[in-house]
Amino acid sequence: KHVYMNIVKYNGQNVFYSGTVSDIKNYSNDKSLYKFSGKINSHTKADIIYYGDTLDCNYQDRLEFSCIMSQFENTFLFAQKDYYESSGFFLQTEKTYDITIKRNQGFSLRRTVLSYRDKINNKINSVLPDENGAVVTAMLFGDKSGLGDDVKTSLFRCGIGHAMAVSGM
């Protein structure tokens, strides 16, 4: 509760954020979702999410920007608040401006592995459309975000839901 309240007090406020890219998910129409790990106003440690235009950055690059923060909201289409807060993300960027990217030029095993994973995911999804590619991605990498609830439910009812976890393979 102490961590949560310390972060969500920035809801609706204009802040300065500095952090590193911890995850990237690309979508169509040059839109991407970035997860950042860093600090709000140089003192409050917080992991946040940016969804918007694709930025020219990579894993572990440092970004600094000003933005208005907002909390997630549950809708009938996606329980965004429940989903992200269970992963430790309590705020997202609303309006982002004055973005500065500082590239991480050194070697990073994590960046190399994650970039390779993304390359394989893109190849799978270009060959296998929709949920077919999502099933293969879930089985290889444990990423179930592309699976619909009906597919997940069917797999668990058949007794093979464990195949969607990397450790289950």
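FYI, it's all coordinate maths here, none of it is from the lab. Model, not experiment: these values are computed from the prediction. Glycine also receives a Cβ, built like all others from the backbone with ideal geometry; neighbour counts cover every protein chain displayed.
Mind scanning Lys39/Lys123; Lys95/Lys152; Lys9/Lys31; Lys45/Lys152 and naming the pairs with a C-alpha gap bigger than 32 Å? As for pairs spanning more than 32 Å Cα to Cα, those are Lys39/Lys123; Lys95/Lys152; Lys45/Lys152.
Among all stretches of the chain without exposed trypsin sites (Lys or Arg not before Pro) (DSSP loop, at most 13 other Cβ atoms within 10 Å), which one is longest? Write down the numbers at each step before the final one.
Details: sites that count: Lys1, Lys9, Arg103.
Value returned for the longest uninterrupted segment is 10-102.
Could you list the chymotrypsin sites (Phe, Trp or Tyr not before Pro) in the stretch 33-87 that lie in coil according to DSSP, counting only those with at most 15 other Cβ atoms within 10 Å of their Cβ?
Phe76, Phe78
Please say if the stretch 24-84 is rounded, prolate or oblate, where rounded means a/c under 1.5 for a ≥ b ≥ c the square roots of the C-alpha gyration tensor eigenvalues, and otherwise the choice is prolate for a/b larger than b/c and oblate otherwise? Oblate, because a/c is 1.5 or more while a/b does not exceed b/c.
Give, in nm to one decimal, the length gained when the segment between Ser108 and Phe141 is fully stretched (0.36 nm per residue of separation minus the Cα-Cα distance).
Values: separation 33, 0.36 × 33 = 11.88 nm, distance 1.97 nm.
Gain on stretching Ser108 to Phe141: 9.9 nm.
Helix 109-127 and the longest principal axis of the C-alpha atoms of the chain enclose an angle of approximately 50°. Among the listed values (1) 19.4; (2) 16.0; (3) 17.5, the one matching Kirkwood radius over Cα pairs in Å as calculated from this structure is (3).
If you take the square roots of the eigenvalues of the alpha-carbon gyration tensor of the stretch 54-154 and sort them as a ≥ b ≥ c, do you get rounded (a/c under 1.5), prolate (a/b over b/c) or oblate? Please report the intermediate quantities before stating the final value.
Working: a/c = 2.35, a/b = 1.18, b/c = 1.99.
In terms of gyration-tensor shape, oblate.
Counting only DSSP H runs of at least 4 residues, each contributing -39500 (n - 2.57), and dividing by the residue count of the chain, the helix-based mean residue ellipticity at 222 nm comes to -9500 deg cm²/dmol.
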